[in-house]
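Input: a single structure, listed below in structure tokens.
The values are calculated or read from the model by the stated rules, or taken from the named source; none is laboratory data. None of these values were measured; they are calculated from a predicted model. Positions of Cβ are backbone-derived with ideal geometry, glycine not excepted, and every protein chain shown enters the neighbour counts. Just the protein is used for accessible areas: all its heavy atoms, side chains included, with ligands, DNA and RNA removed. Shrake-Rupley method; radii C 1.70, N 1.55, O 1.52, S 1.80 Å.
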Amino acid sequence: MNTILKTQISAYTEKYQYLGTTAVTKPKQALTISDTKQKVLKQAQQCWENYSTSAHGDAQLKTVTTTDLPTAQAMVANLINSPEFADLKATLDTLDIPASSFSIGFNIEVEFIIGFAATIGVAIGIGDSKGVATSEFLSVGITEGIDEGGLVGVQFGIWDNAPSDLGGYAWSTEIDLGFGAEISTAVSYSASGGILGATLTIGVGEEDGIMEEESYTFIIGSQEGNGDSYLRPAYQPQKNNLLIVTSLKCKHPSNDGAGNENEVYFTFQADNETMYYYPTYDYYSMKEGDTWSCGRSIWFNESVNIKIYDDDGLHSGNDLMGNYAINLSNLVLGETKTFNTTKDYSHGFDDIEYTINVKLVAQNVQK
């Protein structure tokens, strides 16, 4: 396992050990998983099988433990946007339930004298929480029998809480739903005995009998009110060429009546495929003469389209301030090129001008 990733996870295992164990009230109600939750988990299982056996899925999974924690988070966040998960997304969109969450996480084992199991995951709002909140989390617990550590599987969860409320202690009890070998289904409950949700873990190996596990979940990032049903993708698969948007300069801002600054973000699409946002959930304030050294790398084959926006908030239409079409034929390896665009509001009083600097840093990269 990558030393950087192991070190980053160790910070949370130390916090977990410091917190110590907690008294647990076992739930009195029967530990069952509703038909709706079973349907979602069964569909997640099928989507995962399709993804993990695909060429691009297999290639990405081999790199999970060679990266750092933010990159691993971005990779798991992008899973729900994979074509293999399209049917699951459609199902989640139609769930008519109270504020709830659906989570995906990579299960990793790592040894620090004693063994720890960690789940690097993301949770999206479903039901009444759909499009309202998302969160990124890291769950840790003690485990046994670790050989070398590394990626050992994936976990899906469907929870009765909103994404930002998934943090804290949890106890999980396995129950047999007949999902198959190397698949574990469990019900999780809080220290006070309330049912939190259900999980499906794939790739853990069969265990004999009923097993109980304690874990602690740290919320390490959350977004609320962004209006998106799912976490925006951040991890971009490798393509043939790599450029960097080294900087963006404001020559004349948009006058939106809210001051002399624009809250700037941009989107990009490589080869007319997935759209990415940068920053993923934020903006960079810019006024006339400011330069933003953004440093966003972009993999592409032939072309990249970049659009710059002024963020006017969730309930306002964000203003388009620039549209840039970049083709491989425009670039020279190792050189920086400036791209210009000017957008005029129809009333003629607001000339907006932003420029971007782009550098081609790699060409014809072998995969």
(request) Can you tell me which residue within the range 334-350, out of those that are farther than 20 Å from residue 292 by Cα and among the charged types (D, E, K, R), is modelled with the highest pLDDT? (result) 350
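Residue check: is residue 226 at pLDDT below 90, in contact with a Phe, Trp or Tyr (Cβ under 8 Å, 6 or more places away or on another chain) and in a loop (DSSP other than H, G, I, E, B)? First the steps, then the outcome.
Numbers: at pLDDT below 90: yes; in contact with a Phe, Trp or Tyr (Cβ under 8 Å, 6 or more places away or on another chain): yes; in a loop (DSSP other than H, G, I, E, B): yes.
In short, yes.
Select, from 44, 59, the only residue that is more than 16 Å from the chain's Cα centre (by Cα) and more than 15 Å from residue 121 (Cβ to Cβ).
On the way: 44 fails: more than 15 Å from residue 121 (Cβ to Cβ).
Selected residue: 59, the only one of 44, 59 that is more than 16 Å from the chain's Cα centre (by Cα) and more than 15 Å from residue 121 (Cβ to Cβ).
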(request) Select from the range 168-194 the residues that are buried (at least 16 other Cβ atoms within 10 Å of the Cβ) and either of a type in the set (Phe, Trp, Tyr) or within 12 Å of residue 33 (Cα to Cα) (or both) and list them in ascending order. (result) 169, 171, 174, 177, 179, 185, 186, 187, 188, 189
(request) Sort out which residues of the range 59-92 are in a loop (DSSP other than H, G, I, E, B) and either open to solvent by less than 20 Å² (accessible area, probe 1.4 Å) or modelled with pLDDT under 85 (or both), and write them in order of number. (result) 67, 68, 78, 82
(message) Can you go through 314, 331, 320, 360 and tell me which one is modelled with pLDDT of 95 or more and not aromatic (Phe, Trp, Tyr)?
(response) 331
(request) Name the one entry in 125, 141 that is open to solvent by less than 10 Å² (accessible area, probe 1.4 Å) and either closer than 18 Å to residue 236 by Cβ or under 19 Å from the mean Cα position of the chain (by Cα) (or both). (result) 125
(request) Tell me the strands (runs of 3 or more DSSP E) entirely within the range 254-308 that contain at least 1 residues that are touching a strand residue (DSSP E or B) at 6+ places or on another chain (Cβ under 9 Å), open to solvent by 60 Å² or more (accessible area, probe 1.4 Å) and not acidic (Asp, Glu). (result) 275-278, 284-286
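Looking at the structure I just gave you, is residue 95 surrounded by 19 or more Cβ atoms within 10 Å (Cβ to Cβ), over 17 Å from residue 172 (Cα atoms) and over 16 Å from the mean Cα position of the chain (by Cα)? Explain how you work it out, then say what you get.
Values: surrounded by 19 or more Cβ atoms within 10 Å (Cβ to Cβ): no; over 17 Å from residue 172 (Cα atoms): yes; over 16 Å from the mean Cα position of the chain (by Cα): yes.
Considered against the rule, which asks whether it is surrounded by 19 or more Cβ atoms within 10 Å (Cβ to Cβ), over 17 Å from residue 172 (Cα atoms) and over 16 Å from the mean Cα position of the chain (by Cα), residue 95 comes out as no.
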